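The values are calculated or read from the model by the stated rules, or taken from the named source; none is laboratory data. None of these values were measured; they are calculated from a predicted model. Cβ placement follows ideal geometry from the backbone for every residue including glycine, while neighbour counts extend to all protein chains displayed.
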Amino acid sequence: MPAPNRPAQAPTRAEQGVSEPTRVERLYLLPLGHLDTSYEQMLPGTHDAARYRFPVTAALLDLGDRGWMLIDTGMDDDLSRAPSLVWGATPLADDIRPDLPHSETLTARLDELGVSPQDITHIVNTHLHFDHAGNNHRFPHATVHVRSQQIQDTADRPGSYPIRWNPNAPSTHPIDTDQQIVPGVHVIATPGHVLGHQSVRIELTDSPDMLLCGDAIPGQDFLDTGNFDSFRDPATAAITAHHLLGQAQTRHAVAVYSHDQAQLDRLRTTPDFYA
């Protein structure tokens, strides 16, 4: 596989007289450890006394001359030294057990691809829970695109968002409407899981569109059972999930769930990529 990082002095497309691309050059799916919790927390009333182990994921997009973009940033790489970063002081902190080996941290995944924190120009957060925005603070030069409702919710319910990043930082770009962030990257409002949740559709050249659902659809179990009772607004979440699947079908896109091990095993993960 060719090395993902480009020569530092390579001429830009403009310098070469080549028009700007309208799609993303490469998409890397990044497995970032696992979480283990009770089924009752994820799918209430479905599997009494059983445990639910699921992967944490993010995505890295190669934007060519425009830099690199992260879709979510996973759990804080320092989680082993700061366990309070798992749901803060809420009751969930005693139930959720993170498993984050160093080789599966975001820092290690980026190092493996030759990408430095300074190379990250954009972050899109589906939402700001600790397993989706835990490493935002490691990229101070990146513009962070997140829904305004999510920013407000972190102020209203800080215990639900134990992250070390300030959502009101100058680099934050609050979003209120569906839009194209950069060519080939579209954000879509997908309410229900939390206030201001969004999903991301990625346009690629040689692969189908990838629809990164975030926690609008954490996994196939939620679809099979129709159980969204652990979400902020279960009724809206169920409608959102089926709407997302309809969008994926219409666009012949791949709907990527955020926490589904069986699906992740079937997809290409880093260092492999979609282009």
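Being in contact (Cβ under 8 Å) with a residue 12 or more places away in the chain, assigned to a helix (DSSP H, G or I) and of a type in the set (D, E, K, R), is that true of even one residue in the stretch 178-201? For the stretch 178-201, residues in contact (Cβ under 8 Å) with a residue 12 or more places away in the chain, assigned to a helix (DSSP H, G or I) and of a type in the set (D, E, K, R): absent.
Among the residues of the stretch 26-63, those identified as among the acidic types (Asp, Glu) and surrounded by fewer than 19 Cβ atoms within 10 Å (Cβ to Cβ) are ASP36, GLU40, ASP48. Annotation note: Cβ proximity below 6 Å between a residue of the stretch 232-251 that is at negative phi and a residue that is buried (at least 16 other Cβ atoms within 10 Å of the Cβ) and among the hydroxyl-bearing types (Ser, Thr, Tyr) (sequence gap 6+ or interchain) occurs for THR240/THR190.
Taken together, the residues in the stretch 40-60 that are closer than 27 Å to THR105 by Cβ and either of a type in the set (Ser, Thr, Tyr) or in contact with a Leu (Cβ under 9 Å, 6 or more places away or on another chain) (or both) amount to 10.
Would the stretch 241-250 turn up any residue that is of a type in the set (Gly, Ala, Ser), crowded, with 16+ Cβ neighbours inside 10 Å and in a loop (DSSP other than H, G, I, E, B)? The answer is no; no qualifying residue exists. Across the stretch 35-81, the number of residues qualifying as under 23 Å from ALA237 (Cβ atoms), within 16 Å of the chain's Cα centre (by Cα) and not in a loop (DSSP other than H, G, I, E, B) comes to 8. Taken over the stretch 227-240, residues that are within 15 Å of THR126 (Cβ to Cβ) and out of contact with any helix residue (DSSP H, G or I) (no Cβ under 6 Å at 6 or more places or on another chain) amount to 2. In the set ASP224, ASP206, ASP229, only one residue is outside any loop (DSSP other than H, G, I, E, B) and either in contact with a Lys or Arg (Cβ under 9 Å, 6 or more places away or on another chain) or not hydrophobic (A, V, I, L, M, F, W, C) (or both); that residue is ASP224. Check whether at least one residue in the stretch 114-121 is under 16 Å from the mean Cα position of the chain (by Cα), under 19 Å from VAL200 (Cα atoms) and part of a strand (DSSP E or B), and report yes or no. The answer is yes; a qualifying residue exists.
How about the stretch 149-177: which of its residues are among the hydrophobic types (A, V, I, L, M, F, W, C) and assigned to a loop (DSSP other than H, G, I, E, B)? Matches in the stretch 149-177: ILE163, TRP165, ALA169.
Could you please let me know if SER80 is modelled with pLDDT of 95 or more, farther than 25 Å from ARG26 by Cβ and polar (S, T, N, Q)? It is false that SER80 is modelled with pLDDT of 95 or more, farther than 25 Å from ARG26 by Cβ and polar (S, T, N, Q). Scoring THR154 on the criteria (1) at pLDDT below 95; (2) closer than 17 Å to ILE71 by Cα; (3) of a type in the set (Val, Ile, Thr) leaves a single failure, condition (2). Just so you know, in the stretch 154-208 the residues that are touching a helix residue (DSSP H, G or I) at 6+ places or on another chain (Cβ under 8 Å) and small (Gly, Ala, Ser) include one that is nearest to THR73 (Cα to Cα), and it is SER199. Residue check: is VAL146 in a loop (DSSP other than H, G, I, E, B) and either over 30 Å from HIS243 (Cα atoms) or at pLDDT 95 or above (or both)? Taking the combined requirement at face value, the residue does not satisfy it. A single entry from GLY159, GLY192, GLY184 fulfils the requirement of being at pLDDT 95 or above and touching a Phe, Trp or Tyr at 6+ places or on another chain (Cβ under 8 Å): GLY192.
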